[in-house]
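Below is one structure, written out as structure tokens; comments come after it.
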Amino acid sequence: MSKKIVLTAVASALVLAGCAGQYGAMSDLDQMTQGIVKVSFQEKGIAKLDRLNQDEVNAACSAAEMFGKDLDASVRKRVEDANMKTIKFPADGKFIGDWKRGESIAQGGRGMTYSDSAGSANGGNCYNCHQISKAEISYGTLGPSLYQYGKLRGDGDAVIKYTWGKLYNAKAYNACTNMPRFGHAGILTEVQMKDLMALLLDPNSPVNK
Amino acid sequence: MRKQIVRSVFLAAGLGLMAGGALAQKTETEKGIDRYRELIADGNPAELWEMQGQELWKKKAGPNQVSLEKCDLGLGAGVVKGAFVSLPRYFADTGKVMDLEGRLAHCMKTIQGIEPKVSTYNRDDHKNIVALVTWIAAESKGMPVNVPQNHPEEKRVYEVGKRAFFYRAGPYDFACATCHAEDNKRIRLQGLPNLLKKEPAGSAYTSWPAYRVSNGELWPMNKRLEDCFRQQRFPELKFSSELSVALSMYMGVNGNGVASLAPTIKR
Amino acid sequence: MSMNRRDVLKASGGAAVYTALASMGFFAANPAMASWKKEWFETKSIADTLKAMGIGNAANSNDITITSPDIAENGAVVPVGVSSSLKNPQMVAVMVEKNPTMMAGFYEFTPAALADVSMRVKMGQSSDVYALVKADGKFFMAKKEIKVTLGGCGG
Amino acid sequence: MSSPMRIRAKVEGDVADVRVLMSHEMETGQRKASDGKLVPAWFIQDVTAALNGKTVMTAQWGPAVSKNPYLQFKVKGAKAGDKITVTWKDNKGESRTDEAAIA
């Protein structure tokens, strides 16, 4: 669907970067790359070729980041608004699950690769990028530390909704964040996200000790 | 409306936290792991593959019953030393930019008359490619990376590689750049090289082929890239595909000048 | 060959016989005769292991050095080296307490070898690693804790 | 059929430092394959090292030794040109002997 959009986004990024085509028109290279991406992969297991398609936010961020640039303000607003609209709050109004289950979801890194089977519960991959509880020393640094997340922020309504939204679709708050859209992309279930909410916000969670 | 509120909460509560974790001090854990890596580097089982590779290079094989010793890896027929650090490159005989693994498959075909089956890691003829690559890489140990940007095709492939590096997609929205475009980042305890910078790009590029401690396998660059994409939740990358070659070219050129390490040992 | 090699050694008092046998090329010519000590490889505690080996007591010793990292990035390959300055070394054994069975391996030396060996072992989790040394007919021990971190993804 | 070992031996004074890499799966018998079935145990049990044909060390290993084993040991009374021979035998009865000259 998004070739048009991609090209437009690329074009605007180019203007921003002031980078005229050193090797002919840049859009040719972009188009060429799209084509090369498509023919260089083969589907395997649950990973079909449609995973290679970019939606507007991914296309826009890819094009901007290549030049080390931020998104154009109007593009940013548009894609963040669009992502904000995808966020669904829990139907029963309860946001907080079980922090113990949350910890094990945060530890888990499996799911959605071509070597995983469909239907198995996915891990949250949280420790891959974040410090969370103090006890786990094997944590990544791609994202900020979440240690004492709830203790520092409290558990007011706004914090709860923001945290849920960030888990559900982080691109609603920061278009080109590295964080996956756990709810929007169907990586985690509503119950799993509630458990992660508890890990971050429950006063009894080791995160807030 | 909601967004507004949320934003301000984020700014008030979030920023203070962000600063702390980002500092790039080596923790005791990281120092311990450096020591671990030092200890396992001595006695790298990759040497077992090197031995095999050297034998295979000289061994007569295929319908033509000739060795690979006349194979041109870019520096002239039979020249092995320095070949690893100057690939991928443009080959006039095929009119294409090729990587080491692809070029070896080409030589098996044109010189030995084999119809090489090299699409599955460590199966069929790819098993031999893995051993050959390990030996050929070892022959360039310590030499500076020197991936060419002379031919227009080499320049084009670099530009494609750059775009591919930043290409976000898949259910996690990941690109290569998600993990490899900043200094001093980690996944869990695993350091992530910033592939936009010379030193880390050159070291990373020449860290493969590597012996993988976790599974006792020898991984050449194509397998390394393919597994990165697997973890990006992409479909399966084809070995020596245009994209694979382009990403190798991008990494190699970014790392030009850095002394080659391969074969290495990795967790 | 039904008689166990170690029984021969015990019965006839040690290193001299061992050397004599070795000098005849006895072991090299008969690698199959070293029957694998299955019962040594089946124990789960230090006490049981020593018992299986027929060892009454092993004193802690500062003359044994274990060379290993404090932290192993991957439990599949953990380098462990053992050396000893004890006189007349005859055997070195490497044991990992929390593995399904403790004994990783043991080495017996003629006087032509130094008590200085390195190997790589698998470790399922963080654990104490023991080095047992037999020197001059007596047994000595040292231990070291090695932490195993489980990696996330990537690498 | 097994692959050759890589043996490197270097002498300093009269002590040779010997480093050996062996090509072996070292299956513990406790690992499950992708089909859920246990992979049978398959590991080196005995290792013998000799200097100029005389045994200097024997070892017994269990399944906890890492895949593609690495072994380092030291031999006294050695000089350059002497022969180091290493033999391994696994629990399936397969064995292999390789030799290298001390450098």
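The values are calculated or read from the model by the stated rules, or taken from the named source; none is laboratory data. Everything quoted here is computed from the prediction, not taken from an experiment. Every residue, glycine among them, receives a Cβ derived from its backbone with ideal geometry; neighbour counts consider all protein chains shown. Ligands, DNA and RNA are excluded from the accessible area calculation, which covers all protein heavy atoms including side chains. Shrake-Rupley method; radii C 1.70, N 1.55, O 1.52, S 1.80 Å.
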* Asked: What number goes with the only condition from (1) touching a residue at least 60 places away in the same chain (Cβ under 8 Å); (2) at positive phi that residue A:181 does not pass?
  -> (2)
* **Failed item, numbered, when residue B:127 is tested on (1) open to solvent by 30 Å² or more (accessible area, probe 1.4 Å); (2) assigned to a loop (DSSP other than H, G, I, E, B)** => (2)
* **Residue within the stretch B:236-247 that is away from every other protein chain (no Cβ under 13 Å), modelled with pLDDT of 95 or more, under 12 Å from the mean Cα position of the chain (by Cα) and not in a helix (DSSP H, G or I) present** => no
* Structure fact -> Okay, helices (runs of 4 or more DSSP H) sitting entirely in the stretch A:1-80 with 2 or more residues that are at pLDDT 95 or above, within 18 Å of residue B:229 (Cα to Cα) and out of contact with any Pro (no Cβ under 9 Å at 6 or more places or on another chain), I get A:26-40, A:56-65
* To do: Take the residues in the stretch B:101-124 that are among the charged types (D, E, K, R) and open to solvent by less than 50 Å² (accessible area, probe 1.4 Å), then tell me which one is farthest from residue B:252 (Cα to Cα).
  => B:103
* Based on what the data block shows, is residue B:257 modelled with pLDDT under 95 and surrounded by fewer than 23 Cβ atoms within 10 Å (Cβ to Cβ)? -> no
* To do: From (1) touching a helix residue (DSSP H, G or I) at 6+ places or on another chain (Cβ under 8 Å); (2) of a type outside the set (Phe, Trp, Tyr); (3) at the interface with chain B (Cβ under 9 Å from one of its Cβ atoms), pick out the condition that doesn't hold for residue A:196.
  => (3)
* Here are some residues: D:79, D:74, D:92. Which one is basic (Lys, Arg), in a strand (DSSP E or B) and more than 10 Å from the chain's Cα centre (by Cα)? -> D:74
* Any residue at all in the stretch B:195-217 that is within 14 Å of chain A (Cβ to nearest Cβ) and not in a loop (DSSP other than H, G, I, E, B)? -> no
* Asked: Yes or no: residue B:153 free of Cβ contacts under 8 Å to residues at least 40 places away in the same chain, among the acidic types (Asp, Glu) and assigned to a helix (DSSP H, G or I)?
  -> no
* Do you know which residues across the stretch B:49-92 are in contact with a strand residue (DSSP E or B) (Cβ under 7 Å, 6 or more places away or on another chain) and of a type in the set (Lys, Arg)? -> B:60, B:70, B:89
* To do: Quick one: count up the residues across the stretch A:112-149 that are more than 10 Å from chain B (Cβ to nearest Cβ) and either in contact (Cβ under 8 Å) with a residue 12 or more places away in the chain or closer than 13 Å to residue A:209 by Cβ (or both).
  => 10
* In this structure, does residue B:235 turn out to be open to solvent by less than 30 Å² (accessible area, probe 1.4 Å) and touching a residue at least 40 places away in the same chain (Cβ under 8 Å)? -> no
* Restricting attention to the stretch C:41-62, does a residue exist that is within 17 Å of residue D:47 (Cβ to Cβ), modelled with pLDDT of 95 or more and not hydroxyl-bearing (Ser, Thr, Tyr)? -> yes
* Structure fact -> Within the stretch C:90-145, the count of residues that are in contact with a helix residue (DSSP H, G or I) (Cβ under 8 Å, 6 or more places away or on another chain), facing another protein chain (nearest Cβ under 10 Å) and farther than 20 Å from residue D:18 by Cβ comes to 4
* Structure fact -> Taking the stretch D:13-24 and keeping only residues that are charged (D, E, K, R) and either open to solvent by less than 20 Å² (accessible area, probe 1.4 Å) or at pLDDT 95 or above (or both), one is left with D:17, D:19
* Asked: Somewhere in the stretch B:182-192, is a residue within 14 Å of chain C (Cβ to nearest Cβ), assigned to a loop (DSSP other than H, G, I, E, B) and small (Gly, Ala, Ser)?
  -> no
* Members of the stretch D:27-70 that are assigned to a strand (DSSP E or B), open to solvent by 40 Å² or more (accessible area, probe 1.4 Å) and under 26 Å from residue D:7 (Cα atoms) -> D:42, D:54
* Structure fact -> Scanning the stretch B:218-233 residue by residue, those more than 26 Å from residue D:31 (Cα to Cα) and within 14 Å of chain D (Cβ to nearest Cβ) turn out to be none
